[in-house]
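Novice: Sharing a structure below in structure tokens format, with a few things to ask.
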There are 2 protein chains.
Amino acid sequence: MASNGTNGTNGASHRFDPNFTQAVIDNMGPKTTPRNRQVLGALIRHLHDFTREVELTIDEWMAAVHFVNAVGRIYSESKQTRNEAHRICDILGLESLVDEIAHKVIAEGEIDPTSSSILGPFWSPNAPFRELGGSIMQDGVPPNGQVTKMHGVIRDITTGKPIPNAVFDIWQASANGKYDFQDPENQTPNNLRGKFRADENGRYWFYCLHPTAYSLPKDGPSWDLLTLMDRHPMRPAHIHIMVTHPEFQGCTTQLYPNTDPWLTTDTVFAVKPDLVVDFKPLKGDDKATLELEYNVNLAPKGYKGKL
Amino acid sequence: MASNGTNGTNGASHRFDPNFTQAVIDNMGPKTTPRNRQVLGALIRHLHDFTREVELTIDEWMAAVHFVNAVGRIYSESKQTRNEAHRICDILGLESLVDEIAHKVIAEGEIDPTSSSILGPFWSPNAPFRELGGSIMQDGVPPNGQVTKMHGVIRDITTGKPIPNAVFDIWQASANGKYDFQDPENQTPNNLRGKFRADENGRYWFYCLHPTAYSLPKDGPSWDLLTLMDRHPMRPAHIHIMVTHPEFQGCTTQLYPNTDPWLTTDTVFAVKPDLVVDFKPLKGDDKATLELEYNVNLAPKGYKGKL
């Protein structure tokens, strides 16, 4: 009896059974939902194509199995506080890609909506509202902190008009590169977090820190993967923002100082051109030495733009 | 400023940034080994192509992140005895594909080597050598067990001659569908396992059970995935064998009764035509009611065959 498979008479560029992958896909039953059939079918096809293309060895496959188990093990052993599966996706560019797919809007008019960027694991639903002109430095200015007055206008891309009462939610790491969650010895909950409601002219303003670049953890599966790829673990300095209004499509994104050395090699690939900003020296304000003006453009709900 | 990305001027069949994936791949540093660059580069490309092709949503991606964490959590919480990452690979056909890639040999002569099949998680390095003609039913015949006299000849595909002293290692689940590891209340270690050394004519013979179909676990991430795909969890009945000799390429495979109802929908896709066998009624042997003749064909070490 002939051994399994043929030499690929269907023109496939490999020497393996040309019917195998379709047989696996076709094993899905009739009650599979159309979307699950599409997503899982494509997943199986790409997984098999990848495996044949590189002729993945048994040892390499077993290493991948151990890797996946290790990812979940850290999640379990950290009591669900360290989400390495999320971080691995970020390192492979997957979260940024999913974010692009979800939020891609090409404006029909002259004003593009502000680009989205990844949420990351450090947003909190519990950030307090603060007064316009207030400070998110709840615990004071940390050593090496550079206080920045941040301000701008939130506008409607279809009219260019300001959006009164839009909510501007900001969160950032402290000057030591750590968020409040990660740094309970030095920071109280909600330090360097806050929500601000724009005034009747769509304006917001408050005090925050010039952000600080930081490293992903240098242990665990994500660090192992970075090491295999000879990559650094650095994220460029950034400020997270989430701008919302009931009548507009919200924008979750990150802003990056244009002087940061990691902009072009961000380890999670979340930098986009319109998110790179210019911090300028500020005179005449005894609370801050830097100024950042950033205007945010939102599309109305239901706006599709050009596809 | 224009939003990130273009509409795909390079002919890509999607509307997303055409440079993103290559930028992620190109972030690998100069010390990445050539093989890692090849494997991880292809992995990133296929992962991104899959994601764009199905326009994976943020909720679907987050479900996948939770799924990966759950896979590893079971491994951790079961104290490394339940390897769901391995099982997920099996359900997606990946272990069978990797096995095909590793062992694909097309013979130059008339005799093909016996097809390989997946090792699975139940092989043990500790199975004892037993005498030719002995039994692997160390704990006796279980309820509903059908005793089979299994025998055959191990041959060299290049000469057709027998291979004296080849080692025939067999393991199988009991009539309740469980291996010794899984069933300590009913089975002693190494029950239904044994190694036999072929005689001077390459012959082996011993007593075992007609195998029993069994289900993968009906809980945990692998069961969740099967449910999404509306698939059954059944493996066809099978006997595992691993045939080795120092001068030959070993063969690890599985044999399936031709009467089994799950042959064409094996949930791990490990059935190949030359591994489907005929159990025949046996007369005149008071130890067994069935007979299975199976001859194994091995290629010499270094034999490449036709590629």
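Novice: Touching a Lys or Arg at 6+ places or on another chain (Cβ under 9 Å), farther than 19 Å from residue B:66 by Cβ and either of a type outside the set (D, E, K, R) or without any contact (Cβ under 8 Å) to a residue 60 or more places away in the chain (or both), is that true of residue A:74?
Specialist: no
Novice: Within the set of pairs 6+ apart or on separate chains, which have a first residue in segment B:59-71 that is closer than 15 Å to residue B:226 by Cα, a second that is among the acidic types (Asp, Glu) and modelled with pLDDT under 95, and C-beta atoms under 6 Å apart?
Specialist: Close Cβ pairs satisfying both conditions: B:71/B:84.
Novice: Take the residues in segment A:240-277 that are within 29 Å of residue A:158 (Cβ to Cβ) and of a type in the set (Asp, Glu); name whichever of them is modelled with the highest pLDDT.
Specialist: Among residues in segment A:240-277 that are within 29 Å of residue A:158 (Cβ to Cβ) and of a type in the set (Asp, Glu), the one modelled with the highest pLDDT is A:247.
Novice: On to the next question. Would you check if there is a residue in segment B:49-72 being crowded, with 16+ Cβ neighbours inside 10 Å, more than 8 Å from chain A (Cβ to nearest Cβ), in contact with a Phe, Trp or Tyr (Cβ under 8 Å, 6 or more places away or on another chain) and not hydroxyl-bearing (Ser, Thr, Tyr)?
Specialist: Checked against the condition, which is being crowded, with 16+ Cβ neighbours inside 10 Å, more than 8 Å from chain A (Cβ to nearest Cβ), in contact with a Phe, Trp or Tyr (Cβ under 8 Å, 6 or more places away or on another chain) and not hydroxyl-bearing (Ser, Thr, Tyr), segment B:49-72 yields no hits at all.
Novice: Is it true that residue A:45 is of a type in the set (D, E, K, R), over 19 Å from residue B:222 (Cβ atoms) and touching a His at 6+ places or on another chain (Cβ under 6 Å)?
Specialist: Details: of a type in the set (D, E, K, R): yes; over 19 Å from residue B:222 (Cβ atoms): yes; touching a His at 6+ places or on another chain (Cβ under 6 Å): no.
Against the criterion (of a type in the set (D, E, K, R), over 19 Å from residue B:222 (Cβ atoms) and touching a His at 6+ places or on another chain (Cβ under 6 Å)), residue A:45 does not qualify.
Novice: Any residue in segment A:93-117 that's under 22 Å from residue A:158 (Cβ atoms): show its pairings with residues that are part of a helix (DSSP H, G or I) and charged (D, E, K, R) at Cβ separation under 6 Å, as long as the two are six or more apart or on different chains.
Specialist: A:115/A:274; A:116/A:99
Novice: Restricting to segment B:90-111, give me the number of residues that are touching a Ser or Thr at 6+ places or on another chain (Cβ under 9 Å), at pLDDT 90 or above and at the interface with another protein chain (Cβ under 8 Å from one of its Cβ atoms).
Specialist: Here the count works out to 9.
Novice: Same structure again: Please enumerate the residues belonging to segment B:151-171 that are of a type in the set (A, V, I, L, M) and either within 13 Å of residue B:195 (Cα to Cα) or free of Cβ contacts under 8 Å to residues at least 12 places away in the same chain (or both). First the steps, then the outcome.
Specialist: Let us first name the residues in segment B:151-171 that are of a type in the set (A, V, I, L, M), namely B:153-154, B:157, B:163, B:166-167, B:170.
The answer is B:166, B:167, B:170.
Novice: Where the second residue is assigned to a loop (DSSP other than H, G, I, E, B) and surrounded by 16 or more Cβ atoms within 10 Å (Cβ to Cβ) and the first is at positive phi and lies in segment B:259-288, which pairs have Cβ atoms under 8 Å and are six or more apart or on separate chains?
Specialist: Final answer for the pair search is B:269/A:27; B:269/B:93.
Novice: Name every residue in segment A:112-125 that is within 9 Å of chain B (Cβ to nearest Cβ) and under 24 Å from residue A:184 (Cα atoms), in order of residue number.
Specialist: Across segment A:112-125, the qualifying residue is only A:119.
Novice: Can you find, within segment B:197-217, the residue that is nearest to residue B:155 (Cα to Cα) among those that are among the aromatic types (Phe, Trp, Tyr) and surrounded by fewer than 22 Cβ atoms within 10 Å (Cβ to Cβ)?
Specialist: Taking the candidates together, the pick is B:205.
Novice: I'd like the full set of residues that are touching a strand residue (DSSP E or B) at 6+ places or on another chain (Cβ under 8 Å) and more than 19 Å from residue A:126 (Cα to Cα), limited to segment A:171-197. Before you say what the answer is, go through the steps one by one.
Specialist: Quick first cut of segment A:171-197, residues touching a strand residue (DSSP E or B) at 6+ places or on another chain (Cβ under 8 Å) only: A:171-175, A:177-180, A:192-197.
Correct list: A:175, A:177.
Novice: Something else now. Which of the residues spanning segment B:122-152 are of a type in the set (Lys, Arg) and not in a loop (DSSP other than H, G, I, E, B)?
Specialist: Residue satisfying the conditions is B:149 alone.
The values are calculated or read from the model by the stated rules, or taken from the named source; none is laboratory data. All values reported here derive from a predicted model rather than from experimental measurement. Neighbour counts run over all protein chains shown; Cβ positions are idealised from the backbone, glycine included.
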